[in-house]
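Asks: Let me give you the structure first, and then I'll get to my questions.
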Amino acid sequence: MESEWKPVMLEVMPYKETGTFIMKVSDDCSQLLDDHIVMAQSMSFSPYKKPFEERITTWESKLVMTQDVMDEWLQCQRQWLYLEPIFSSEDINRQLPVESKRYQTMERIWRKVMNSAKGNPQVRETIVCFELKHSFYYLPVAASYLLLYWRDFREGQGCLPLSSLHFRIC
């Protein structure tokens, strides 16, 4: 199973004229991931697994983590795709200076992650990178607050300023 992942690459493509990239997960990649998770779980229930137990457990953990990171990545991407045109507006940046700074921090992390993925699109190496997992811990938090703030701003409601919320983006 492990050797089947060597040629699997992320589809990382330029996004409009933003200078950054987006990721597309192919159906083949998703299917391979699902199949391998099922196979690894089946092997873990085998009565003959003892000599391979540690290897099976480690591989299953990597596969599940890959699935989790890809899900988070795509969720972050959807949020970024929604927020990018909003915070690209100079008018919005003037009206929401604190939130714009938060977005710029999120944007910097997003660009770093996507440039890294473009530079090394091999799924097996890119997904297990600690820095990537770390980034996907912070990106959804920042994006969620920005989305909430934007929704409330659009509806004209008083919203808790983001500067009073305690979260950190590295």
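FYI, it's all coordinate maths here, none of it is from the lab. As the structure is a prediction and not an experimental result, all values here were calculated from the model. Cβ placement follows ideal geometry from the backbone for every residue including glycine, while neighbour counts extend to all protein chains displayed.
Asks: Name the GluC sites (Glu not before Pro) in segment 12-93 that are in a loop by DSSP and that have at most 10 other C-beta atoms within 10 Å, would you?
Replies: Hits after loop and neighbour filter: GLU17.
Asks: Taking LYS24 as the anchor, which lysines have their alpha carbon closer than 25 Å to its alpha carbon, excluding any fewer than eight residues away along the same chain?
Replies: Correct list for LYS24: LYS6, LYS16, LYS62, LYS112, LYS118, LYS133.
Asks: Non-local amide H neighbours of PHE21 (under 5 Å, H modeled in plane, Pro and chain starts lacking H): which ones?
Replies: Long-range HN contacts for PHE21: TYR15.
Asks: Cα centroids of segment 93-115 and segment 1-15: how far apart, whole angstrom?
Replies: If you average the Cα positions of each part, the centres end up 28 Å apart.
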